[in-house]
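Shown next, in structure tokens, is the structure this report addresses.
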Amino acid sequence: MINLLIVDDHPLILDGSKKLFSEVSDISVDTLNDMETFANVIEEKVYDIFLIDVNLGACSGLTFAELVKEKYPSSIVILYTGDNIKDYYSLIIEKKINNVISKTAAKDRILKTIYLAMNKDMLLPENFIDYVNDRHSRNSIKKILRFNNREKRILELVMEGYTNQAIALELNVKQRTIENNLSQIYALLNVGTRAEAVIKAKGLDLI
């Protein structure tokens with residue numbers, strides 16, 4: 001039996017996600033929409049797989065993914081999102097998550113992703129290979145650490161002193177999206193703060 005925890009702060013979406021597994025006999029599903037109880041929940045029961053929404057109200061699903069990986073390194077963490085899943089490929093390469101799937105993915109694809117993950121395998125779109133080749137085909141650090149246009153613009157705005165909220169307004173996206181992008185930038189640059197990210201990116205002539 002596969003024990004699966006689905007984490008989402010939208011009850012309707014959470015209920016719909018759970019129903020996908022209603023006729024799957026070998027997957028036991030629990031759900032969680034109270035983010036404050038997350039730490040207690042994973043203390044009380046060990047899960048094989050965590051399916052975590054990227055945007056969790058005021059929190060980032062990446063934060064919860066890090067908590068799981070820290071406490072249970074062998075657990076499988078799959079992000080699911082309404083964003084472009086390509087935005088999170090870097091986290092797979094850095095082994096911060098095991099996979100990412102779209103909220104619009106068909107039931108069959110979601111199940112295949114879970115079963116393959118349990119067997120230490122992965123189901124990924126063809127463009128993941130393009131992403132890996134693009135990231136690793138060049139020799140210099142600068143070219144390996146290529147940012148997409150949004151990430152580069154975010155760093156430029158951070159350098160100009162913009163807050164996350166101001167950056168979100170400038171780019172016409174949600175603040176949660178900016179926070180997620182910054183988390184990915186930190187991971188790519190191996191830094192922990194906005195200031196460190198700007199300093200390292202400037203030193204590598206990335207901005």
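Taking 0.36 nm per residue of separation and subtracting the Cα-Cα distance, full extension of the segment from residue 107 to residue 18 would add 30.9 nm. Cross-link check: pairs 69/107; 19/86; 71/103; 86/174; 45/71 evaluated at a Cα-Cα cut-off of 24 Å; pairs beyond the cut-off: 69/107; 19/86; 71/103. Of 118, 1, the sequence from fewest to most neighbouring Cβ atoms within 10 angstrom is 1, 118.
The longest part of the chain holding none of the exposed loop trypsin sites (Lys or Arg not before Pro), meaning those outside H, G, I, E and B in DSSP with at most 13 other Cβ atoms within 10 Å, is 46-94.
For the chain, calculate the relative contact order in percent as a whole number, restricting contacts to Cα pairs under 8 Å that are 6 or more residues apart. Walk me through the intermediate numbers first.
Working: 244 pairs, mean separation 31.4, N = 207.
Once normalised by length, the contact order is 15 percent.
The DSSP beta bridges internal to the chain are antiparallel in roughly 10% of cases.
Provide 31, 177, 104, 113 in ascending order of the number of other Cβ atoms located within 10 Å of each residue's Cβ, fewest first. Walk me through the intermediate numbers first.
On the way: 31 15, 177 21, 104 9, 113 24.
Listing 31, 177, 104, 113 from fewest to most nearby Cβ atoms yields 104, 31, 177, 113.
Considering helices alone, the calculated mean residue ellipticity of the chain at 222 nm is -14000 deg cm²/dmol, with DSSP H runs of length four and up weighted by -39500 (n - 2.57) and normalised per residue. Scaled to the globular estimate 2.2 N^0.38 Å, the Cα spread of the range 2-129, given as radius of gyration, is 0.96. Each of 72, 80, 89 has some number of other Cβ atoms within 10 Å of its Cβ, and from fewest to most they run 72, 89, 80. Over all distinct Cα-Cα pairs of the range 40-114, the Kirkwood formula returns a hydrodynamic radius of 12.7 Å. Between the range 162-200 and the range 96-128, the C-alpha centres lie 27 angstrom from each other.
Coordinate-derived values only; no laboratory data. Quick caveat, the model's predicted, so the values are computed rather than measured. For neighbour counting, all protein chains shown are included, and Cβ atoms are generated from backbone atoms with ideal geometry for every residue, glycine included.
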